């Protein structure tokens, strides 16, 4: 065998070894990325906080326990027909809970929080509540779905708990806005003229409104704001007013046979995200193994020639 052939074979072995090493590292990195992503979404899931959900029947004992863990917890927000069912906190500024969860721990998913400029009893005319836009219908990930008129029409009510009792929420508008639009992100408006002007501006900017609802400057309105996937600085905002009457959650009590087909489609999980963590890792590992086997087979054939 000539020196040139030996050099070629050694080079082939080195290249193949390098490729296999890269594939192995990609496998490890891919598996870790899937696990890490799953951890983030697991922390953000509303199901983690269901045991703390306040109810008049239980005299809010569980909710009080959560307040002992973190005194910044003061409210609970539920949007019927979605997975938005979370405790609400308020920090001294609007940075605190961007990367801190309800229990005060560091978390990329953050928490649902009220603007620091607002009163914690929702007595202001305009009250702004923020949450991260996340996949798998976590946090405020479903707010953007209200951009669809049929989705907006089907989900009119919610519940807001504060001051020891439940209050109703009735949603009347959806807005796609810019994050730096200070005319929309205003909290603590006090003057009657400003209230009316602000309300008129919201209705004018809204892509969807309910014409059968009456909203006045004597109401307390709540803006649920999150990032939009449509633009870098875009924000999706669902707007409702606080009511004394709490509507029943028909999405919890309805039977499957009575569910609107559109609502059923909304609830179907995405194919990939609906798979379990270990199934996702197994798919990545299998794909990597097939690639490795393909390389080995190609290399073996070359060696036989």
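Throughout, read-outs are computed from the coordinates displayed, never taken from laboratory work. In this text the structure is predicted, and so the values were computed from the model without any measurement. All Cβ positions, even for glycine, are placed from backbone atoms using ideal geometry, and neighbour counts span all protein chains on display.
Key figures
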item	result
Fraction of the pair-distance distribution of the stretch 54-267 above 21 Å, Cα-Cα pairs, percent	53 percent
R0 of 45 Å, Cβ-Cβ distance residue 243-residue 290: FRET efficiency to nearest 0.05	0.20
Distance (nanometres) between label positions extended 7 Å along Cα→Cβ at residue 14 and residue 196	8.2 nm
Simple label model, 7 Å out from Cα along Cβ direction - residue 50 to residue 123, nm	3.6 nm
FRET efficiency for residue 22 and residue 229, using Cβ-Cβ distance with R0 set to 45 Å, rounded to 0.05	0.90
Estimated Rh, the stretch 67-184: Kirkwood, alpha-carbon pairs, angstrom	15.0 Å
Relative contact order %, the stretch 54-267, counting alpha carbon pairs below 8 Å whose residues are six or more apart	21 percent
Residues 88, 14 arranged by fewest to most Cβ contacts within 10 Å	14, 88
Full-stretch length increase - residue 207, residue 182 - with 0.36 nm per residue and alpha-carbon distance subtracted	7.1 nm
Sorted by Cβ neighbour density within 10 Å, fewest at the top, the residues 248, 123	248, 123
Over 17 Å [Cα-Cα, the stretch 70-110], rounded percent	32 percent
Binned Cα-Cα distances of the stretch 181-229, short to long, each 5 Å bin given as a whole percent	4, 15, 30, 29, 14, 6, 1
Fewest-first ranking of 68, 189, using other Cβ atoms within 10 Å as the exposure measure	68, 189
